[in-house]
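The values are calculated or read from the model by the stated rules, or taken from the named source; none is laboratory data. The shown structure was predicted, so the numbers you read here are calculated from the model rather than taken from an experiment. Cβ placement follows ideal geometry from the backbone for every residue including glycine, while neighbour counts extend to all protein chains displayed.
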Amino acid sequence: MVKLVIKKGRIPIKMWTENIEEGALKQAINLSNLPFAFSHVAIMPDVHEGFGMPIGAVVALEDTLIPHAVGVDIGCGMHAVKTIFEDIKRNELAAIVKLIKEAIPLGFEKHKTAQDKNLMPKPKVKLPKHFITFKEYDNALYSLGTLGGGNHFIEIQKGSDGHIWFMIHSGSRNLGKQVADHYNKVAKNLNASWNYPVPPSYELFYLPIETKEGKDYLEEMNFCIKYAKANRTLMAERIKAIFEVVLRKSDIVLEEYDVIHNYAAKEKHFGKDVWVHRKGATRAFEGEIGIIPGSQGSKSYIVKGLGNPESFKSCSHGAGRVLSRHKARKSLSLKEEVEKLNKLGIIHSIRSKRDLDEAPSAYKNINEVINNQLDLIEPKVELSPLAVVKG
């Protein structure tokens, strides 16, 4: 339930946590002061400071889009697959991890050859030549079916339902970043010419939806969302094939879900059509399945949305960071983090000091995050990590 209501801006901020870092709170207040922000700002329990807008936040805008309120990894999201298997041996896990690393490029790596164009999303109309998605289309073919770095991962898990699952966290790769950076710059230049009433330091430059630039961003954003889903789908297909080879079974899928957590969409809330921006937040309409991952040392969750209007029918997208990447690398003990994961028997990805930004201790307690939003979601399946692949 709502833990705090902060009234320091034009509209209130409703928070599903009592713990928020100073930088993220300042960004939330900036959002609440936007002249076109509607009703209130919703802050999820996994909140942490982002760029312009906190990660783990939801804001509804009237007739307006803000590129930095969507983020640079447009369409980033989760893909989860429940398999027919109820058990898996450690040597089988190791074989699957090895084949995944061979089949799916990680980090900054791409495929050496372009992937099939038929796997790409089909735009509503032919992409105009001035679109970033047109200019980057051929490059995007090499990144289709690749994981990326940072907090993106592939994880094999044991579910509380008795089944083996695997989960993918990835997005639109460089394509989404190029689109986001371009339209943020366009918005910045336009807002300067319009005497934008909010300080430029907020980094919340906007595009009215009725402008050509706003319509162009919306179309390119939606293409990136579809590309991100196609990216996760291709990886999922290749992982399914690896499971089938290693475990010598076919038709292994029982359930499959894909959800996004960086996007803007037109929705009706409190009787008004608004553009809901979810940055590091998952839609949680009533009965809708969501995916909330933890860290590589903690549980993840398959959840069902409760459709709570106070959060704009949203929930968290993960555990959320408690340490910045720099602070994690500087302050955490490599030995302690490795021992923690080894004790759990997880095939993990912590190999050196530079990997500590993705150590379990860099993230919030997923159980607290889930418990803080039981009015937003109903947990359905708990997923414990068995093996993790990261960039």
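Brief remarks follow.
- Out of 380, 364, 390, one residue alone is closer than 22 Å to residue 282 by Cβ, among the basic types (Lys, Arg) and in contact with a Ser or Thr (Cβ under 7 Å, 6 or more places away or on another chain). It is 390.
- Of the residues 294, 320, 290, the single one that is in contact with a His (Cβ under 7 Å, 6 or more places away or on another chain) and in contact (Cβ under 8 Å) with a residue 40 or more places away in the chain is 320.
- Qualifying residue in the stretch 59-78 (condition: surrounded by fewer than 17 Cβ atoms within 10 Å (Cβ to Cβ) and either outside any strand (DSSP E or B) or not small (Gly, Ala, Ser) (or both)): yes
- Filtered by the rule that a residue be crowded, with 17+ Cβ neighbours inside 10 Å, at pLDDT below 95 and among the basic types (Lys, Arg), the stretch 297-328 gives a lone residue, 321.
- Pairs meeting the criteria (first residue in the stretch 84-104 and under 21 Å from residue 162 (Cα atoms), second residue among the aliphatic types (A, V, I, L, M) and part of a loop (DSSP other than H, G, I, E, B), beta carbons under 6 Å, at least 6 apart or on different chains) are 84/252.
- Residue identified as under 30 Å from residue 161 (Cβ atoms), over 18 Å from the mean Cα position of the chain (by Cα), crowded, with 19+ Cβ neighbours inside 10 Å and among the hydrophobic types (A, V, I, L, M, F, W, C) among 346, 370, 377: 346
- Some residue of the stretch 80-101 being closer than 19 Å to residue 184 by Cβ and not in a strand (DSSP E or B): no
- Condition broken by residue 96, with the remaining ones in (1) under 27 Å from residue 183 (Cα atoms); (2) modelled with pLDDT of 95 or more; (3) crowded, with 17+ Cβ neighbours inside 10 Å satisfied: (1)
Matching residues to (1) modelled with pLDDT of 95 or more; (2) crowded, with 17+ Cβ neighbours inside 10 Å; (3) on the phi < 0 side of the Ramachandran plot; (4) of a type in the set (A, V, I, L, M):
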| residue | (1), (2), (3), (4) |
| --- | --- |
| 210 | yes, no, yes, no |
| 217 | yes, yes, yes, no |
| 220 | yes, yes, yes, no |
| 225 | yes, yes, yes, yes |
| 231 | yes, yes, yes, no |
| 243 | yes, yes, yes, no |
| 259 | yes, yes, yes, yes |
| 271 | yes, no, no, no |
| 274 | yes, yes, yes, yes |
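- Condition check for residue 176: assigned to a loop (DSSP other than H, G, I, E, B), touching a helix residue (DSSP H, G or I) at 6+ places or on another chain (Cβ under 7 Å) and either buried (at least 22 other Cβ atoms within 10 Å of the Cβ) or among the aromatic types (Phe, Trp, Tyr) (or both): no
- Enumeration of residues in the stretch 150-195 that are of a type in the set (Gly, Ala, Ser), modelled with pLDDT of 95 or more and within 18 Å of the chain's Cα centre (by Cα): 170, 171, 172, 176, 180
- Hits in the stretch 115-150 (condition: of a type in the set (Val, Ile, Thr) and outside any loop (DSSP other than H, G, I, E, B)): 132, 133
- Selection from the stretch 237-266 of residues that are within 26 Å of residue 304 (Cβ to Cβ), touching a residue at least 60 places away in the same chain (Cβ under 8 Å) and in contact with an Asp or Glu (Cβ under 8 Å, 6 or more places away or on another chain): 252, 262
- Subset of the stretch 349-367 (residues that are within 20 Å of the chain's Cα centre (by Cα) and either small (Gly, Ala, Ser) or in a strand (DSSP E or B) (or both)): 349, 359, 361, 362, 363
- Enumeration of residues in the stretch 10-38 that are hydrophobic (A, V, I, L, M, F, W, C), more than 21 Å from the chain's Cα centre (by Cα), closer than 19 Å to residue 270 by Cβ and not in a loop (DSSP other than H, G, I, E, B): 13, 37, 38
- Residues being in contact (Cβ under 8 Å) with a residue 40 or more places away in the chain, charged (D, E, K, R) and under 15 Å from residue 132 (Cα atoms) - total across the stretch 210-225: 3
- Scanning the stretch 349-367 for residues that are among the aliphatic types (A, V, I, L, M) and surrounded by fewer than 16 Cβ atoms within 10 Å (Cβ to Cβ) yields a count of 0.
- Leading residue by the ranking (farthest from residue 380 (Cα to Cα)) among those in the stretch 123-161 that are buried (at least 21 other Cβ atoms within 10 Å of the Cβ) and among the aliphatic types (A, V, I, L, M): 132
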